[in-house]
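What follows is calculated from the coordinates using simple rules that are stated; it is not laboratory data. Since the model is a prediction, treat every value here as computed from it, not as a measurement. Here Cβ is always computed from backbone atoms with ideal geometry, including for glycine, and neighbour counts include all displayed protein chains.
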Amino acid sequence: MTWATSRLATQAPRGAARLTVLRGGRETTLSLPLEPPPERPARQATLVRGNHAFAGAEIGNLSPALADELGLDLLETGVAVIDVREGSPAARIGLRPGDVILRVAGIEVRSVRDLLAVLEGRRPGPFRAAIRRDGRVMEATLAG
């Protein structure tokens, strides 16, 4: 990160930052509006319920705003774990805030709605899941 980038990153959202650039051999000062990351798609924070390994996880649609809160790449999309209830099945399998759920029972998960539909529509018993954590994809067979 350059000095200028780190200065911009530490400014409070709302307002403006002044930036001097060299353009065509001449210095020009620009005023850049500072805005918080957008909340699109809508977060749709949902506590997962049911008799399966994800029960007790609070999940949400990833937007730049949620990714920023969880310390994820702002361009990441999909479904992220926001929180995990203590003692829940989700806690027992080791889910953590910031985990991104990629696939469940062989079906790609792109939204909260997708994940809930897969969990409600699957047959009882173990299923495979893929989760990204810290840039690494983990796959496991989960009870449920």
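Mind giving me the FRET efficiency for residue 31 and residue 75? R0 is 41 Å, r the Cβ-Cβ distance, nearest 0.05 is fine. So the FRET efficiency works out to roughly 0.95.
Taking amide H atoms as placed 1.01 Å from N in the peptide plane, the amide H of residue 62 lies under 5 Å from those of 78, 79, 80, each 5 or more residues away in sequence or on another chain. Computed packing ranks the peptides 69-78, 119-128 as 69-78, 119-128, most packed first, by mean other Cβ atoms within 10 Å. Phi angles of region 118-124 translate, via the Karplus equation with coefficients 6.51, -1.76, 1.60 and θ = phi - 60°, into HN-Hα couplings of 5, 5, 6, x, 7, 6, x Hz per residue; Gly and Pro are given as x.
Projecting the Cα atoms of 66, 79, 98 onto the dipole axis of the chain, where Lys and Arg carry +1 and Asp and Glu carry -1 at the beta carbon, places 79 farthest toward the positive end.
The distance separating the Cα centre of region 17-38 from that of region 57-91 comes to 33 Å. With the simple spin-label model, which puts each label point 7 Å out from Cα in the Cβ direction, the residue 65 to residue 140 separation comes to 3.1 nm. Note on residue 85 and residue 20: the extension gain reaches 18.6 nm, defined as 0.36 nm multiplied by sequence separation minus the Cα-Cα distance.
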